[in-house]
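The structure appears right after this line, and notes come after that.
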Amino acid sequence: MTPTRVLIADDNPVVRAGLAALLATTQDLEVVAEAVDGREALVLTRRHTPDVVLLDVRMPGVDGISALPHLVRLAPVLMLTYSQETDIVREALLLGAGGYLIHGEFTSDDLVRAVRDVARAAPTSRRRPRTRWSPNSGPLRNSNELWHSLLSGSTTPLYSA
């Protein structure tokens, strides 16, 4: 089985290293590149063609929200950030993010599952078949549940496929 290729974009080198170390514990995930901002994420996504981009919302230079509409044309994007602001979550999802996880509110298993599932949910023009989430899949939610959570102010780690 070909590993799911992941690009990590975060301005904090400790966060990038930690995410890479967590993903390295699984045989089916491979970190192919690391970026320090949205501009570098776009360049490296074009060069390395990852199956999933892990993207921080707030970075100096080109931030994640600004880079997101360009990146989602190339690969599914999973937002990772400290921000629980409903407006930012909503904007990221409207711009095409496959999900949004809040640092400190998800486990390493949640992260691995989210990366795998966002990759699987990619349109068929990408390397993975399109699938739908079960509403009973823990912190992973379908789009109806996701929007309901946003409207009710929930800060639970979310993503939609």
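Every number here is computed from the coordinates shown, using simple stated rules; none is lab data. The structure presented is a predicted model; accordingly, all values stated were derived computationally and were not measured. All Cβ positions, glycine included, derive from the backbone under ideal geometry; neighbour counts span all protein chains shown.
Report the charge-dipole magnitude of segment 1-82 in Debye, nearest 20, computed about the Cα centre from +1 at each Lys and Arg Cβ and -1 at each Asp and Glu Cβ.
About 220 debye.
What full-extension length gain, to one decimal in nm, is calculated for Thr49 and Asp109 as 0.36 nm per residue of separation minus the Cα-Cα distance?
Length gained, Thr49 through Asp109: 19.2 nm.
So how strong a dipole does segment 41-127 carry about its Cα centre when Lys and Arg Cβ are +1 and Asp and Glu Cβ are -1, to the nearest 20 debye? Mind dumping the intermediate values first?
On the way: 10 positive and 10 negative charges, 115 e Å.
So the magnitude is around 560 debye.
Quote to one decimal, in nm, the extra length available between Glu85 and Gln27 on full extension: 0.36 nm per residue of separation minus the C-alpha distance between them.
Between Glu85 and Gln27, full extension yields an extra 17.5 nm.
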